[in-house]
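Below: the structure, in structure tokens.
The values are calculated or read from the model by the stated rules, or taken from the named source; none is laboratory data. Predicted, not measured: the structure shown is a model, and the values here were computed from it. Here the Cβ is made from the backbone with ideal geometry for all residues, glycine too, and neighbour counts use every protein chain on show. Side chains are part of the model used for accessible areas, which takes the heavy atoms of the whole protein and leaves out ligands, DNA and RNA. Shrake-Rupley method; radii C 1.70, N 1.55, O 1.52, S 1.80 Å.
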Amino acid sequence: MIRLPLGVDINNLIDDLRILSWEAYEILIYYSQMLKDTNNKSNILQNLNNKDPVTIADIKVNELIIKRINEKYKGISWEILSEENAKLGSHHCNSEAEWIWVLDPLDGTKDFIQGTSNYAMHLALNYKKKPYIGIVLIPEKDELWITDGKKVWCEKKDGSKTKPDMQRKKSLQEMVLVTSKNHRNKTLEELIQKVHFNEIKIMGSVGCKIASIIRGESDIYISLSLPGKSAPKDWDFAAPAAILKAAGGIITNLENEDLTYGKTNFEQGGILIASNNINNHENICMEIKETISKYNLYPLKAN
């Protein structure tokens, strides 16, 4: 049984996370509305890096979450790893700490700028480098996905709640794949083509993709990073992994191994697979691996 740090009550913590998440919602919705006027884009963008843009919304939510955690839980022995702080090098995080908050204030920044609804806020509390508590806020859908480490549910802003409704399809050819809008490559395209999924949905934000699996709208997500190229980071996967696990799914690498968090570069490279059925996940990984090997699509680990 996992025990939270001394002085932290799980029920109070979840209530605090709900409150700060809906505060983040207000910020994200505000700037999302502003971006509908293209004249505001230059004022909201904080850099001109098209591959890795940052907006005022990223910064504001980042500041809010860190401030609220530090205000409410002074002296608690946990660290905060934030995408924005890691980019700026403005805050040292001890990646060997037992408890680490992992924050992505705006996952899917490109989608946010493009005016789609596929962006989210991720916040996870990792214990011994594994996601335990997870929050995925999807403002445009009025959804706050929460796991307390045991169960998972979705709250609306009015307080109403819904539960996961995942489908348990076993065959890859029966499954609906959800894949990236802004982070695709030819190797992934070819793999998708060879597997012959039943349907393919396109959307941004890992959190949005995982939520679509938990809702039962899709069944599987594949992240494929090419060797030597950019890869997703801990903050992209920690919170989505937590809510998916609590719902009965899982995210692993192609070898069906749990993701390792807290590496030096925080990268989650290679081929990662998220599915809605932990009991069938190993078979899914094996079948995808066989397809990759058959068509020599990607360098695989030597056995």
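Overview of values
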| read-out | value |
| --- | --- |
| Odd one out for THR162 among (1) among the hydroxyl-bearing types (Ser, Thr, Tyr); (2) more than 23 Å from GLY216 (Cβ to Cβ); (3) more than 16 Å from the chain's Cα centre (by Cα) | (2) |
| Residues satisfying the stated conditions in the range 213-265, i.e. among the hydroxyl-bearing types (Ser, Thr, Tyr) and over 21 Å from ILE192 (Cα atoms) | THR260, TYR261, THR264 |
| Residues located in the range 9-37, provided they are within 13 Å of GLU155 (Cβ to Cβ) and either in contact with a helix residue (DSSP H, G or I) (Cβ under 7 Å, 6 or more places away or on another chain) or not aromatic (Phe, Trp, Tyr) (or both) | ILE14, ASP15, LEU17, ARG18, ILE19, SER21, TYR25 |
| Subset tally (residues that are open to solvent by 20 Å² or more (accessible area, probe 1.4 Å) and in contact with a Ser or Thr (Cβ under 8 Å, 6 or more places away or on another chain)) for the range 98-114 | 2 |
| Residue list for the range 48-86, restricted to those being farther than 28 Å from PRO5 by Cα, loosely packed, with under 14 Cβ neighbours inside 10 Å and not acidic (Asp, Glu) | LEU48, ASN49, ASN50, LYS51 |
| Test: LEU45 is free of Cβ contacts under 8 Å to residues at least 24 places away in the same chain and open to solvent by 40 Å² or more (accessible area, probe 1.4 Å) | no |
| Close pairs from the range 216-233: first closer than 20 Å to LEU177 by Cα, partner among the aromatic types (Phe, Trp, Tyr) and surrounded by 17 or more Cβ atoms within 10 Å (Cβ to Cβ), Cβ under 9 Å, at least 6 apart | ASP219/PHE197; ILE220/PHE197; SER223/PHE237; LEU224/TYR298; LEU226/TYR298 |
| Tally of residues being free of Cβ contacts under 8 Å to residues at least 60 places away in the same chain and either in contact with a Gly (Cβ under 6 Å, 6 or more places away or on another chain) or part of a loop (DSSP other than H, G, I, E, B) (or both) across the range 265-277 | 4 |
| So GLU140, is it open to solvent by 30 Å² or more (accessible area, probe 1.4 Å), in a helix (DSSP H, G or I) and free of Cβ contacts under 8 Å to residues at least 24 places away in the same chain | no |
| Pairs with Cβ under 9 Å, 6+ apart, first in the range 278-293 and in contact (Cβ under 8 Å) with a residue 12 or more places away in the chain, second open to solvent by 90 Å² or more (accessible area, probe 1.4 Å) | ILE278/LYS245; ASN280/ARG168; ASN280/LYS170; ASN283/LYS170; ILE284/LYS170 |
| Those residues of the range 27-42 which are assigned to a loop (DSSP other than H, G, I, E, B) and open to solvent by less than 100 Å² (accessible area, probe 1.4 Å), in sequence order | LEU35, ASP37 |
| Meets criteria (within 19 Å of GLY75 (Cα to Cα) and part of a helix (DSSP H, G or I)) for ASN12 | yes |
| From LYS110, LYS141, LYS157, residue being of a type in the set (Lys, Arg) and under 20 Å from LYS233 (Cα atoms) | LYS110 |
| Selection from the range 165-186 of residues that are over 22 Å from the mean Cα position of the chain (by Cα) and either open to solvent by less than 30 Å² (accessible area, probe 1.4 Å) or closer than 17 Å to GLU282 by Cα (or both) | LYS169, LYS170, SER171, LEU172, GLN173, GLU174 |
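So that you can scan it fast, the table gives a plain yes or no per residue for (1) surrounded by 15 or more Cβ atoms within 10 Å (Cβ to Cβ); (2) at pLDDT below 95; (3) within 23 Å of LEU300 (Cβ to Cβ):
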{"position": "LYS229", "(1), (2), (3)": "no, yes, yes"}
{"position": "ILE243", "(1), (2), (3)": "yes, no, no"}
{"position": "GLU257", "(1), (2), (3)": "no, no, yes"}
{"position": "PHE266", "(1), (2), (3)": "yes, yes, no"}
{"position": "ASN276", "(1), (2), (3)": "yes, no, no"}
{"position": "ASN283", "(1), (2), (3)": "yes, no, yes"}
